[in-house]
Structure formats: C-alpha cells, structure tokens
1. Output the qualifying pairs, or none if there are none: Cβ atoms under 7 angstrom, residues six or more apart or on different chains, first residue in the range 51-69 and touching a residue at least 12 places away in the same chain (Cβ under 8 Å) and more than 23 Å from PRO14 (Cβ to Cβ), second residue among the basic types (Lys, Arg) and surrounded by fewer than 15 Cβ atoms within 10 Å (Cβ to Cβ).
2. Given the options THR126, THR96, THR48, THR89, name the one that is of a type in the set (Val, Ile, Thr) and surrounded by 21 or more Cβ atoms within 10 Å (Cβ to Cβ).
3. Under 9 Å by Cβ, and 6 or more places apart or on different chains, what pairs join a residue from the range 268-290 that is without any contact (Cβ under 8 Å) to a residue 60 or more places away in the chain and farther than 16 Å from HIS76 by Cα with one that is assigned to a loop (DSSP other than H, G, I, E, B) and of a type in the set (Gly, Ala, Ser)?
4. Within the range 171-180, does at least one residue satisfy the condition of being surrounded by 19 or more Cβ atoms within 10 Å (Cβ to Cβ), in contact with a Ser or Thr (Cβ under 8 Å, 6 or more places away or on another chain) and not in a strand (DSSP E or B)?
5. If I filter the range 278-296 for residues that are at pLDDT below 95 and under 15 Å from the mean Cα position of the chain (by Cα), do I get at least one hit?
6. Which ones in the range 239-276 are of a type outside the set (Phe, Trp, Tyr), in contact with a helix residue (DSSP H, G or I) (Cβ under 7 Å, 6 or more places away or on another chain), closer than 22 Å to GLY38 by Cβ and part of a loop (DSSP other than H, G, I, E, B)?
7. Just to be sure, is GLU312 acidic (Asp, Glu), part of a loop (DSSP other than H, G, I, E, B) and either crowded, with 21+ Cβ neighbours inside 10 Å or free of Cβ contacts under 8 Å to residues at least 24 places away in the same chain (or both)?
8. Check whether at least one residue in the range 55-65 is of a type in the set (Lys, Arg) and out of contact with any Cys (no Cβ under 9 Å at 6 or more places or on another chain), and report yes or no.
Amino acid sequence: MELPSGLVKELIGPKKPKVAEIELTLFENCDVNCSFCGHEKKATVGMTEEEMLSKIPLISDFLDTIDDDISLVNLHLVGGELLQDRLITEKQNVLTSYRKLIEAYKVLCQEKGIIPRVLLVSNMLTTKTEIIKEWLEEMNQLVFLKLIASYDLYGRPITKKYLENIEYLKNYISNINVVVTKEAINKLKVGDPVFDSLYQRFPIFMDDFLPDSSTQQMIPSDEDYFQYLQLVLKKYPKLLPFGEAITKVKNSQLNEIQFTTFNKCNILPNNVVTNYLWDRHLPESFVGTINFQDNSNMLYHFLESNQCLSCEYYQSCPLRCPVSWSWKNRERSLGCVNRRFFDSFPEELV
C-alpha cells in the first residue's frame, strides 16, 4: 500500500522535522578511500565552478516546494572531499567557487523568507588549515557555516594531521559524524581511545548506514544494531540521536524523527535530484516500491511493520532511517529493535 507524502506527514504529526535539508553532493572525487563509501573517487563530474553554480536553479525549485511551516533550511555541502589539498592551490582555489555558491544560496533564502544554514562535511585531513580557517572566518560574516567532521571507526586511519585539524578548527565544528556499519559497531565494542576523546569534546551523530551493492556486507543486522544501542546506553549516553532519545523516553517527551525524509532533496553531481537515493541504488535492493523523488512510503512501511503508532514509546522514539531499514539483504530479527532497546532500560532509568 502506498500513501501520498502529505498523508504520511499527517500520520506522524508533530514528529515531523521542523527544518528542511538539501544534501548537495558537488562531486565524488576524493583523496582517501573509506571502506563504507561507494563513490567514484576519481570522477571529475561536478568539479568546475560552472557545474557547481548550475545547482542554484535546482535549489530554488526545491525551496519552492517545502512546507509553509519550515523557516530554516540546512544546506549540506558534501563530496567526495571538498577540502582536499589539490583543490586549494595558488593557481586555483575551490573555496572561491564554494563562496559564490553559498552567496547565491543565501540570496535565494532571503527572497523566500527562509533562514539559511550551511554545513560542510570533511574528512579533516587537509594540510591547508590556515587558509581554510581564514575562509571560515570570512564566510561566517556572511552566513552560518560550520564543519561536520567525519570519523571512520574502521577502514580509514586516523592520522596525527586529523587530530591537529580537529583542534585547530574546533570552533567551527558543528559535530562529528560516524556511520554505523557492522565494523564500526565491533570497533566500539573493543574500544577506541580516539573516539572516546572526541566523545568528551564534541557532539557525535551516529548516522544509519545505507549501503550499495558493493558494501552491503557492512550493513548491521538487527542484532548488531541492538547491541550497538545497548552500548550507547551503558557507555555513550550522549551519542545522537539515541542518547537524546534515552532522556526523552525517560521523561515521556516528544522527539522528532531522526531523519529528514520530508522536506529534503539530494542533488547529485550530474544534477539529478532525488529524495535520498542515488542511481546506483537499485530498486530490487529494497523491500517495497521505490520512489526516487519521495521515500515517505518507506517510512510508512516501517511504521506499519513495527506497529509504531500503537507503541508506548512512539512519542519519544527517533525511529530509524527507513531507507537503510528497507535494505532487503539485511539480517532481521522478530519485532522492533528500538522497542527491545527501550524495554531493556534498567528500572532506575524509567
């Protein structure tokens, strides 16, 4: 059964996010090889200034479609690696192109009465930190702009340069982002001193993993995910989004869903616009019908399968990314993992 996006929004009511999100993947080119990433790291599509600025009309079209109650839009600039050294040189500095793009985005938002925010995702391995810090200082005179620093628990070595950059640019870091793969969960179980240090100093958001055909072996089973949630409860209660959910379940507080299925678009390097998926994500890899422009039916399928609307934890539960949850070749267990987790809380916590 499929429902129009508007009906699914009404179904979840106040749990609908109050912000919109544009995930703008400028290009896939990258100077490192993370195990969970399926990007074509040598691709050059989208890297010219002309290609970057061609995204502006697509952003404008999306802003015209968002709900009237949305007043803040996050523009997530992602790659590839946007701050890699070979793009920041005396001959050509890509930061100039990013500025033009961000300035145009700000103008669009002002015209439409929307508050703009920009979040730039980086692996934080650049050696051009002084140039980048100066650029960040200048850009924040123009618009809210912060970095999301990625951290790979498995597959990418964390170097001295990464740690130096985190410290040097700490005032411009919004949060650390970690992808919850099977391997990342196993690494957390045995312990990671660098992760523990970052946990004490920065907000860390644990992002559900969406694989493709080449990385599907890394998607955690439901049992893996349950063990991860128990680790959050016992050792990392500040991790987002479930750390926040623990507090809200304890106090029976309303919690928005953790993902922006609604009022979100993903603009790809070749100017294809989707809701979430890439063209490398094949429809046969998912449970149910796939709609590249609107994945709200994945959320509806999740709600229906887990009987969320009648669950005692529904108000406080952040749910799970319905796209990742819908991946067909994933080991599933009987019942809802989130509910098992909340049921496992010790009495003194509930």
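The values are calculated or read from the model by the stated rules, or taken from the named source; none is laboratory data. Quick caveat: nothing in here was measured; it's all calculated off a predicted structure. Counting neighbours? That spans all protein chains shown, and the Cβs are built from the backbone with ideal geometry, glycine included.
1. LEU53/LYS100; LEU63/LYS112
2. On the way: THR96 fails: surrounded by 21 or more Cβ atoms within 10 Å (Cβ to Cβ); THR48 fails: surrounded by 21 or more Cβ atoms within 10 Å (Cβ to Cβ); THR89 fails: surrounded by 21 or more Cβ atoms within 10 Å (Cβ to Cβ).
Matching residue, one of THR126, THR96, THR48, THR89: THR126.
3. Correct list of pairs: PHE286/SER326; VAL287/SER326; GLY288/SER326; ILE290/SER326.
4. no
5. If we filter the range 278-296 for residues that are at pLDDT below 95, which is where we start, we get 278-296.
From the residues that got through so far, the ones that are under 15 Å from the mean Cα position of the chain (by Cα) too are 278.
Among the residues of the range 278-296, at least one is at pLDDT below 95 and under 15 Å from the mean Cα position of the chain (by Cα), which makes the answer yes.
6. Initial filter on the range 239-276 (of a type outside the set (Phe, Trp, Tyr)): 239-241, 243-258, 260-261, 263-275.
Of the ones still in play, those that are also in contact with a helix residue (DSSP H, G or I) (Cβ under 7 Å, 6 or more places away or on another chain) are 239, 243, 246, 249-250, 254-257, 261, 265, 267, 271, 273.
Applying the additional criterion that residues be closer than 22 Å to GLY38 by Cβ yields 261, 265, 267, 271, 273.
Of everything in the range 239-276, those that are of a type outside the set (Phe, Trp, Tyr), in contact with a helix residue (DSSP H, G or I) (Cβ under 7 Å, 6 or more places away or on another chain), closer than 22 Å to GLY38 by Cβ and part of a loop (DSSP other than H, G, I, E, B) turn out to be THR261, ASN271.
7. Details: acidic (Asp, Glu): yes; part of a loop (DSSP other than H, G, I, E, B): yes; either crowded, with 21+ Cβ neighbours inside 10 Å or free of Cβ contacts under 8 Å to residues at least 24 places away in the same chain (or both): yes.
Yes, satisfied.
8. Just the residues of the range 55-65 that are of a type in the set (Lys, Arg), to begin with: 55.
Checking which are out of contact with any Cys (no Cβ under 9 Å at 6 or more places or on another chain) leaves us with 55.
Looking through the range 55-65, at least one residue is of a type in the set (Lys, Arg) and out of contact with any Cys (no Cβ under 9 Å at 6 or more places or on another chain).
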